[in-house]
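Q: Sharing a structure below in structure tokens format, with a few things to ask.
What follows is calculated from the coordinates using simple rules that are stated; it is not laboratory data. Only a predicted model underlies this, so the values are computations on that prediction, with no experimental measurement involved. Backbone-built Cβ (ideal geometry, glycine too); neighbour counts: all protein chains shown.
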């Protein structure tokens, strides 16, 4: 992705996200369809036929520029988090943005990955629901058989997710996250104590709603919920995504980005 | 260019989503239409689903048996590099010896095909009726192999990993790959590739717990004849395993990452 494309994308997501949460909070979903079949050819054939299918390629309606409470309330920052957020915004406005791991091709992590503005693919197997994102070619494993997080699990970008179906809704709980990433691009932070509950539900055969609730008492004064929506894109295929071709923006010791410096070849 | 189209698609998707929010009744009236389309898609998928039930199950978790990071010709002979190929490999090996390796893997660029199959860690194969997906723990490499039949490419974007197409040839999963950018090395010895390279792989089960990948490389730019290598993998027990992504990017940071939040009080 070249710089012009990135800027174009940035502009377009800014334009889009200002409006999406308003739309999401302005009305409630209609009653869910009784039966969903989805794209059965993208599921492992051994998946129990009673399991609703959300397999297939989906594309987000919004982006992860700004993940905010879907009820329209303000983000319940604790003081350090408020300061962190405002410092980042001010630095960005001043034209000297602070370090963001995704600028070094590192994962955006949970929950920021949820509303990645590129296509995602969901594949259901008997033991997992796997979410693959085109962005940074990431994948998430959601364990569907109740296998608990190992005691020695090392905190990671995507943590450890377990899921189960409640009727037609896939409920996913994620813990074991590292604290290296943000909730969104704007800079809402998180700690390694964050626990995330996601709820995936098809509101129509071609529309997937995702609401997520963030529990992080080290960062926010109360749990809060965001919302993302996806449109089924059966004709779309995930493309190669090579961040490393433009991996030039390295942070200095203070965390400030040194734009366009030497460093990594290419 | 692909990404520009994708961006434009994103804008269109946002516009559509907004209009869905604005006119929810339009969505409801279209629901019957969408359901009919979905039922048609499921009916179309049915023969593929049935066919997949009869196929060998290569799905599951695997790891390489001999953790080689080099390719060798399966016939035991020297790899048939031509003069240009020999010259380029020699130059790369001189750079390695001088501590100035320009191996694209060192800066976390994708290993491409077939070098991703030399990844050291475990990987998962997801076998579905229309697609085989490979997820590697190492560098979270992903291969999306749609089972479209023999590869047909018209003016592809040159990709590091190439463009794949797969099909079942009896009990063998055949994957053909071409459309490379030609910049990656085939292995750590600096075996070259060009944008003309075509890679044909045949995956089959030697026994239920042993998978082989027979890889044939054709690249007239650097090789005087097609040549074949073979890799084998051992099945890891259990299908409910977890893969932790390995982040190559962390190795390039001059300053270690730290948690943003202050320590727990």
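Q: Quick one: order A:87, A:202 by neighbouring beta-carbon count within 10 Å, fewest to most.
A: Fewest-to-most Cβ neighbours within 10 Å comes out as A:87, A:202.
Q: Under a point spin-label approximation (7 Å from Cα along Cα-to-Cβ), what is the residue A:152-residue B:157 distance to one decimal in nm?
A: 4.2
Q: Would you work out the relative contact order for region B:60-249, in percent, from Cα pairs under 8 angstrom that are 6 or more residues apart?
A: 27
Q: With viscosity set to 0.692 mPa s at 37 °C, what whole-number translational diffusion coefficient in µm²/s follows for region B:24-133 from Stokes-Einstein and a Kirkwood radius over Cα pairs?
A: So the translational diffusion coefficient is about 169 µm²/s.
Q: A follow-up question, please. Return the calculated 222 nm mean residue ellipticity for chain B, to the nearest 500 deg cm²/dmol, obtained by summing -39500 (n - 2.57) across DSSP H runs with n ≥ 4 and dividing by the residue count.
A: Dividing the helical sum by the residues of chain B leaves -9000 deg cm²/dmol.
Q: Could you tell me how many degrees, from 0 to 90 and to the nearest 10, lie between the Cα long axis of helix B:83-97 and the main elongation axis, the longest principal axis, of the Cα atoms of chain B?
A: 90
Q: Moving to a separate point now. Once you put a point 7 Å from the Cα of residue A:145 and another 7 Å from the Cα of residue B:236, both along the Cβ direction, what distance in nm separates them?
A: That separation, rounded to one decimal, is 1.4 nm.
Q: Starting from a Cα-only point model with no solvent, please compute log10 I(q)/I(0) by Debye for region B:60-249 at q = 0.10, 0.11, 0.14, 0.17 1/Å.
A: Once normalised to I(0) and log-transformed, intensities are -0.40, -0.48, -0.80, -1.20.
Q: Let me ask you something else. Can you give me the three principal axis dimensions of region A:45-87 from its C-alpha atoms, in Å, biggest first?
A: The Cα atoms of region A:45-87 stretch 50, 19, 19 Å along the principal axes, largest first.
Q: How far apart, in nm, are two points set 7 Å out from the Cα along the Cα-to-Cβ line at residue A:193 and at residue B:253?
A: Between residue A:193 and residue B:253, the simple spin-label model gives 2.2 nm.
Q: Hey, what did region A:130-188 get for relative contact order, percent, Cα under 8 Å, at least 6 apart?
A: Relative contact order here is 26 percent.
Q: What is the extension gain from residue B:50 to residue B:167, computed as 0.36 nm multiplied by their sequence separation minus the C-alpha to C-alpha distance, in nm to one decimal?
A: Net length gain for the segment: 40.6 nm.
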